[in-house]
Amino acid sequence: MTIASTSPDTILHEVFGYSAFRGAQAEIVEHVIGGGDALVLMPTGGGKSLCYQVPAIARHRGGSGVALVVSPLIALMHDQVGALEEAGVHASFLNSSLTPDEAQRIEREMMGGRLIMLYVAPERLTTPRFLAQLDSLHERGLLSLFAIDEAHCVSQWGHDFREDYLQLNVLHERYPGVPRVALTATADDLTRADIIQRLQLEDARIFISSFDRPNIRYAVVEKTEPRQQLLRFIQDEHEGDAGIVYCQSRKKVDETAQWLNDSGISALPYHAGLDANVRKRHQDRFLREEGIVMVATIAFGMGIDKPDVRFVGHLDLPKNIEAYYQETGRAGRDGQPADAWMAYGLADVVNQRRMIDESPANEEFKRNQRGKLDALLTLAEAHDCRRVRLLAYFGEASERCAAYQNACDNCQNPPATWDATEAARKALSCIYRFHQHGGQRYGAGHLIDVLRGKVTEKVEQRNHQSLSTFGIGADVSEAQWRVVLRQLIALGYLQSEGEYNTLELTGTAREVLRGEVQMLLREPSEAAKRTRGTRTGGKASSSRSRDKAPPLPLDDQGLERFAALKAWRAEVASEHNLPAYVVFHDATLAEMAQAQPDSMDALAQISGVGAKKLEAYGREILRVLGM
Ligand code: ADP
Ligand code: ZN
């Protein structure tokens with residue numbers, strides 16, 4: 001028998017079947033194998049897992065025993081471990097889903113130092129009983145490393161704070177010589193500083209990767225008829241694809257999922273109000289079946305590593321850019337083209353602002369939240385490259401993405417802009433006149449009527465035809481006015497309040513009134529102009545279950561081989577109770593269908609085919625390929 005190599009390149013090739021490390025992976029892996037601590041900031045889909053999995057394997061082979069992987073996601077441990085076992089890596093998890101017998105067996109594997117990786121939730125890791133077990137491992141030199149996944153959970157500034165993560169500082173105090181690698185896709189300065197301080201990573205090397213996800217196309221559309229817009233987007237560009245659609249409320253999740261189903265799209269709801277069993281069942285179906293659209297609140301998604309999610313849609317505005325980027329980042333982990341699509345309108349701005357205003361948090365926290373919301377609104381309103389703005393938010397300078405294959409909407413179709421400086425002044429002075437004329441406040445609808453000189457019942461009742469601002473904005477369309485008002489709220493010159501969303505000037509409105517603020521706005525899209533107020537009652541198309549396109553161009557025979565491989569994979573996956581992508585990614589199957597390897601050696605050259613999978617499935621695959 002050959003002695004297993006501890007070289008990272010060999011492990012990458014032999015265990016995972018990949019030919020080269022990506023970006024900073026090689027450096028990180030080297031550093032951690034050498035015993036160093038690391039903080040790894042990489043976008044979702046960047047390849048964080050290998051940054052601790054390869055070191056865990058190398059150190060285990062070097063005699064250092066078990067690596068502990070701390071993950072907040074109990075529900076996903078089964079599949080994560082399944083993926084490792086498929087690759088021939090002896091791994092396991094400990095969580096509340098196990099029977100006492102199973103748990104005991106795994107503990108024995110751990111205490112014997114035979115396990116390579118053990119996944120645990122932080123609350124279990126920090127129990128006195130578990131720490132005592134770790135002490136024993138440590139004394140015998142069998143504690144190889146700690147990987148702390150989703151490390152931003154330790155920070156109150158982040159959006160996924162978990163109390164249990166705070167206890168993890170015990171690891172450094174108790175096992176100072178054991179390397180720790182903390183990983184996250186959330187990178188703003190405040191959260192980063194928090195992670196370092198709370199996990200005592202002051203001496204860790206920090207690895208920051210580019211946050212660009214070149215295969216994701218970002219698009220923001222003006223919300224007119226959100227469901228119809230979503231349906232059209234899915235039907236036109238993603239029929240038969242797996243996707244995630246985020247909504248703010250549970251009710252909207254349920255309604256949207258139902259509505260998509262009625263329109264012939266397989267959709268499932270997911271939110272914290274559903275029974276845990278239902279949630280688990282829906283998550284499993286999303287992971288295991290093809291072409292399911294998950295309609296969810298933000299309760300869904302962390303740790304979901306399904307590689308072929310082809311789109312992420314937002315029917316409501318997320319809280320901030322970090323959340324938006326993390327949610328959209330769940331699309332296209334396999335590097336194949338994917339879409340981040342969001343519908344956004346005036347009501348979103350108003351809602352998000354109100355949620356912050358009405359939250360019980362302290363003023364400092366609210367100010368921070370408002371600042372973050374503003375940054376997101378600026379992104380939504382942008383008429384230049386969205387990618388440049390996203391990356392700039394994460395401190396990264398970049399060129400506009402027009403040259404990308406999957407350029408953002410604004411680069412693909414640069415929107416027309418118009419100078420709204422004068423219109424903005426008119427709107428604000430009209431609100432000022434309302435104030436002088438009876439001191440009442442009004443919402444956007446009435447304001448726009450007055451500006452456009454429309455004589456409505458309300459206008460007559462309030463005698464608003466007599467205002468000097470009546471009709472001064474007739475040249476600006478209603479759709480344009482909505483953009484102006486949205487922008488004024490987004491930029492903080494206007495405030496929307498109360499049950500009726502009445503508009504009020506803020507302290508900074510004066511700058512606009514004095515003409516000191518230049519406003520260049522995007523023209524509302526044709527759709528926004530057309531459909532506002534005139535529901536078109538779109539007809540739901542019937543379900544056409546179309547096969548998903550393979551990630552590589554294949555001829556007809558290639559497509560047949562691809563389909564045969566997928567059918568074979570589905571059987572294996574269901575036998576092993578694992579998602580299909582854990583067996584092989586689509587890209588790997590497509591490469592097989594294209595290259596038609598005719599021997600085990602040729603098959604081993606395909607990306608994603610490691611030694612264990614070759615041994616377990618090689619002959620079968622050659623048979624399916626007819627070789
Ligand atoms: P993250 O945890 O950062 O979101 P993952 O670790 O899940 O990302 O990796 C994303 C995808 O990229 C996975 O499907 C993984 O198999 C693949 N991947 C990661 N590193 C490499 C590599 N060096 N070569 C080929 N594929 C890779
Ligand atoms: Zn762009």
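Structural remarks
- Note on the range 408-431: residues that are surrounded by fewer than 20 Cβ atoms within 10 Å (Cβ to Cβ) and either within 16 Å of ligand 1 (Cβ to nearest atom) or among the β-branched types (Val, Ile, Thr) (or both) amount to 2.
- Across the range 559-591, the number of residues qualifying as farther than 17 Å from Gly335 by Cα, assigned to a helix (DSSP H, G or I) and within 16 Å of ligand 1 (Cβ to nearest atom) comes to 4.
- Within the range 371-413, being aromatic (Phe, Trp, Tyr) and near ligand 2 (Cβ under 9 Å from one of its atoms) holds for one residue alone: Tyr404.
- Qualifying residues in the range 379-407 (those that are closer than 20 Å to Gly345 by Cα and part of a helix (DSSP H, G or I)) - the one farthest from ligand 1 (Cβ to nearest atom): Glu381
- Residues considered: Leu50, Leu68, Leu12. Of these, the only one that is at pLDDT 95 or above, of a type in the set (A, V, I, L, M, F, W, C) and in contact with a strand residue (DSSP E or B) (Cβ under 6 Å, 6 or more places away or on another chain) is Leu68.
- Among residues that are assigned to a loop (DSSP other than H, G, I, E, B) and at negative phi, Asp475 is included.
- Summed over the range 572-598, residues that are of a type outside the set (Asp, Glu) and either within 16 Å of ligand 2 (Cβ to nearest atom) or more than 19 Å from Gln557 (Cα to Cα) (or both) total 13.
- Check on Ser249, hydroxyl-bearing (Ser, Thr, Tyr), farther than 30 Å from Leu391 by Cβ and surrounded by fewer than 18 Cβ atoms within 10 Å (Cβ to Cβ): yes
- Residues that are in a loop (DSSP other than H, G, I, E, B), under 22 Å from Phe394 (Cα atoms) and more than 10 Å from ligand 1 (Cβ to nearest atom) within the range 1-51 comprise just one, Ala24.
- Which numbered condition Glu511 fails, given (1) closer than 27 Å to Thr378 by Cα; (2) touching a helix residue (DSSP H, G or I) at 6+ places or on another chain (Cβ under 9 Å); (3) not aliphatic (A, V, I, L, M): (2)
- Residue check, Glu255 without any contact (Cβ under 8 Å) to a residue 40 or more places away in the chain and of a type in the set (Asp, Glu): yes
- Residue within the range 301-314 that is farther than 22 Å from Leu231 by Cβ and among the hydrophobic types (A, V, I, L, M, F, W, C) present: yes
- Ala242 meets each of the listed conditions (1) more than 16 Å from ligand 1 (Cβ to nearest atom); (2) over 23 Å from Glu150 (Cα atoms); (3) aliphatic (A, V, I, L, M); (4) in contact with a strand residue (DSSP E or B) (Cβ under 7 Å, 6 or more places away or on another chain) apart from (1).
- The single condition among (1) modelled with pLDDT of 95 or more; (2) closer than 25 Å to Glu516 by Cβ that Asp409 does not meet is (2).
- Subset of the range 321-344 [away from ligand 1 (no atom under 11 Å from the Cβ), out of contact with any Pro (no Cβ under 8 Å at 6 or more places or on another chain) and not in a strand (DSSP E or B)]: Ile321, Glu322, Ala323, Thr328, Ala331, Pro337
The values are calculated or read from the model by the stated rules, or taken from the named source; none is laboratory data. Computed from a predicted model, the values in this text were never measured in an experiment. Heads up, the Cβs are rebuilt from the backbone with ideal geometry, glycines too, and the neighbour counts pull from every protein chain shown.
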